[in-house]
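A short worksheet on the structure shown next.
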Amino acid sequence: MRNSWSGYCGRQAGTLVRHGNDALETVRKKIRKDLNTRQRLKLKDDAFYSLLEREEGLATDSMTRCLEWFDLHPELRAGPYRMKESFH
C-alpha cells in the first residue's frame, strides 16, 4: 500500500516550487521594464535556461549567467530565487 502522506507531501512541494517560479518570473518581469531591448531578450533567454533550473543541476556557464544577473539585480537572488531553491 502506498503511503498517502508521501504523495501529499510531493504534491505540496511541487506546488511550492511552482509558486517560487511564479515569484521569480514576477520579479524578472519588473526588472525587464527598465532594460533595453537587447538586455530584455538576454534576460528572457537566461531566465528560461538558467534561472528556472535547479541550482544543483546547472552547468558552469549557466551558473555564470545566473551570477551575472544576481550581481546586476540582487533582488533576484535575495528573494524569489532563494525561495524557489529552498523548496527542492
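The values are calculated or read from the model by the stated rules, or taken from the named source; none is laboratory data. Remember, predicted model here, so these are calculated numbers, not experimental data. Glycine gets a Cβ as well: all are built from the backbone with ideal geometry, and neighbour counts include every protein chain shown.
Whenever a residue of segment 16-34 is closer than 18 Å to Ser50 by Cβ, its partners that are at pLDDT 80 or above and part of a helix (DSSP H, G or I), lying with C-beta atoms within less than 9 angstrom and at least six residues away or across chains, give the pairs Val27/Glu75; Arg28/Trp69; Ile31/Trp69; Ile31/Leu72; Ile31/Glu75; Arg32/Gln39; Arg32/Arg40. Scanning segment 25-62 for residues that are touching a Leu at 6+ places or on another chain (Cβ under 8 Å) and either farther than 25 Å from Gly14 by Cα or polar (S, T, N, Q) (or both) gives Ile31, Arg32, Leu35, Ser50.
Within segment 54-85, the set of residues being under 11 Å from the mean Cα position of the chain (by Cα) and part of a helix (DSSP H, G or I) comprises Glu55, Cys66, Leu76, Arg77, Gly79, Pro80, Tyr81, Arg82, Met83, Lys84, Glu85.
Filtered by the rule that a residue be outside any loop (DSSP other than H, G, I, E, B) and among the aliphatic types (A, V, I, L, M), segment 30-53 gives Ile31, Leu41, Leu43, Ala47, Leu51. Tallying residues that are surrounded by 13 or more Cβ atoms within 10 Å (Cβ to Cβ), closer than 16 Å to Ala78 by Cα and modelled with pLDDT of 80 or more within segment 30-54 yields 1.
For segment 63-88, taking the residues that are touching a helix residue (DSSP H, G or I) at 6+ places or on another chain (Cβ under 7 Å) and either among the β-branched types (Val, Ile, Thr) or farther than 25 Å from Thr15 by Cβ (or both), the one that is surrounded by the fewest Cβ atoms within 10 Å (Cβ to Cβ) is identified as Phe70.
Does any residue of segment 1-14 turn out to be assigned to a helix (DSSP H, G or I), surrounded by fewer than 13 Cβ atoms within 10 Å (Cβ to Cβ), modelled with pLDDT of 75 or more and not aliphatic (A, V, I, L, M)?
The first filter runs over segment 1-14 and keeps only residues assigned to a helix (DSSP H, G or I), leaving 4-14.
In the following step, the residues that additionally are surrounded by fewer than 13 Cβ atoms within 10 Å (Cβ to Cβ) were identified as 4-14.
Subsequent filtering for residues that are modelled with pLDDT of 75 or more retains none.
Scanning segment 1-14 turns up no residue that is assigned to a helix (DSSP H, G or I), surrounded by fewer than 13 Cβ atoms within 10 Å (Cβ to Cβ), modelled with pLDDT of 75 or more and not aliphatic (A, V, I, L, M).
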